[in-house]
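Derivation of every value follows stated rules applied to the coordinates shown; laboratory data play no part. Because the structure is predicted, anything quoted here is derived from the model rather than measured. Because the Cβ atoms are built from the backbone with ideal geometry, glycine has one as well, and the counts that use them run over all protein chains shown.
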Amino acid sequence: MQTAAEPATSPAIELWLGFPPAPALAVGLVELAGPDSFAVFDAMRAAGVGDVRRVGVVCTDPAHVVAARAAGAGAVVAVGDARTLAAAAPDVLAAPGELDELVEARYGPNGTARRLVLLNPGPALTSDAVKRAAAGADICHREPEFRGLDRRIREKLRRLAGVGPDWAIALLSGSGTSANEAAIRAAVREGRRLLVVVNGIYGERLRETARRAGIDAVSVEGPWTEPVDVASVLATLGSEPALDALAIVHHETTTGLLNPVAEIARAASAAGVRTVVDAISSFGVEDLALDGIDFLTCTSNKCLHGLPGAAFVLVSPSGARRARSVETGSVALDLAAYLDVETTGSPPFTPAIPALASLDAALDRALAEGVAGRRARYAERCAIVDGTVERLGLEQLVAPPARSHSIRSVRLPDGVSFATLHERLRAAGFVVYAGQGPLAAEIFRVACMGELEPSDLHRFAAELEQTLSGLQA
């Protein structure tokens, strides 16, 4: 509800109103002069509040709930008999004795509805347009409204990826991991093997996905702080028998490094090996040509700035032929069934329609900005983080040439635990992310993805400096 320029510890609601007779509220409440929605706007004008989303209305009557909702109030709280009030659809119901506690817990400076600056690598901050799209009309996935949404998303994804209509798209409900599993299961034929590149947690996850799917896998491993050695991958491609596919993470968010996917994918394609690329935290920002790639996986809630819950796989013509020839051993993650939706217009299962609607809206902004434009925006934000880290004498884990445009991994100073740093920064309105695996006690991560503003990161820089100074005193 807040704008990006506002302090993250501001309350979500700036002005509380109540229809007469209005109950008392500890944070203060202005009693409205009339019983309709226009009274809300009159009170806003009198109080100098210009955004109705910063206004909360306390209601004791169903008609008041309807009027507050019609005004577009940011919070509509009903107090009284739940059975009577629930049908009017307030945002939350409260017993009279619980009102102050509920308002503080949900809408206060430290409440759950306040704006936190998310510096974690997804889910990312989203725009109001994306949130509104998710709250649109209820639609059925077997009706024309959904088919229109489905077609729009596919067309926009192809434009963003720079591929033609010969590329197929599978739209799934789930996390990016579900897209990875669907792609891996579809890429390897029975009796054949998968080559997995591992230089971080997410490479390890690809390997574990294959193991649980009953796919025989061989690995090329490398240090977690460096891009994988291309020569080692090419040597394995040439020496391992029965390789059917290769799986690699483009942006290893464990550390924020980029792997040399393009060269590896071209070599795999020349060897007749299908390539699965986890582009979950790179698609839409990083430079990535799809030559040689057969399955590119992504999700809605990272660099595309949508809401969590939707994932997809871009599939080359060769990849689609492979997917349709493989018995995947899964009902929910049978990639071929999702590829057929473009022809049939009917998804195999009920999709996460609000997440897809938000992705549709997010793609409009991504296309308007362009991949290069978004990459430049991310680079500007990462430069703020880089400058802060250098000024504070902290050490980054990944060398500049290998860094992505969205994530920075920073070593924790001696004597500072992640748990304490996270707690202090969160109290100030900022969410940073822990390291993973063997790096869990050594680093913290800062992501610059999502609808972040430079002002958010400048405030974060000041708070990080103050926090570390206090912890190291």
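Brief remarks on what is shown
- Hydrodynamic radius (Kirkwood) for the range 309-405, which is based on Cα pairs only, to one decimal in Å: 17.5 Å
- Centre separation in Å (Cα based) which lies between the range 435-463 and the range 105-121: 16 Å
- Additional length obtainable on full extension of the chain from ARG159 to ALA427, 0.36 nm per residue less Cα span: 92.4 nm
- Rounded FRET efficiency, nearest 0.05, which uses the C-beta distance separating VAL92 from ALA399 and R0 of 41 Å: 0.25
- In the chain, helical runs assigned H by DSSP with n ≥ 4 each contribute -39500 (n - 2.57); averaged across all residues and rounded to the nearest 500, the mean residue ellipticity at 222 nm is -12000 deg cm²/dmol.
- Furthest towards positive pole of dipole, GLY306, GLY203, TRP224, structure part the range 129-368, Cβ charges: GLY306
- For a modelled paramagnetic label at GLN472, 7 Å from Cα along Cα-to-Cβ, the residues of the range 384-407 in reach, with backbone nitrogen under 12 Å, are 389-395.
- Each peptide in 62-68, 363-369, 132-138 was scored by the mean count of other Cβ atoms within 10 Å over its residues; highest first, the order is 62-68, 363-369, 132-138.
- For the range 129-368, the equivalent ellipsoid built from the Cα gyration tensor has semi-axes of 29, 19, 15 Å, listed from largest to smallest.
- Given in Å, the Rg to one decimal and the Dmax to the nearest whole number for the Cα atoms of the chain are 24.9, 81.
- For THR84 and VAL331, the FRET efficiency from 1/(1 + (r/R0)^6), where r spans their Cβ atoms and R0 equals 30 Å, is about 0.10.
- Equivalent ellipsoid, the range 59-184 (semi-axes from 5 times Cα gyration tensor eigenvalues, Å): 39, 20, 13
- FRET efficiency, LYS131 to GLU453 (Cβ-Cβ, R0 22 Å, nearest 0.05): 0.85
- Couplings 3J(HN,Hα) of the range 213-218, computed from phi: 7, x, 9, 6, 10, 10 Hz, in residue order, whole Hz [Karplus 6.51 cos²θ - 1.76 cosθ + 1.60, θ = phi - 60°; x for Gly and Pro].
- Along principal axes, Cα extents of the range 15-113, largest first, whole Å: 31, 30, 20
- One chain, two ends: ALA63 and SER318. Fully extended at 0.36 nm per residue, the span grows by 85.9 nm beyond their Cα-Cα distance.
- Other residues within the sphere of radius under 12 Å centred on the Cβ of THR388, judged by their own Cβ, net out at 0 (K and R +1, D and E -1).
- Nearest-ten-degree value, helix 144-161 long axis tilted from longest Cα axis of the chain: 60 degrees
- Rel. contact order, % - alpha carbon contacts under 8 angstrom, at least six apart, the range 154-291: 24 percent
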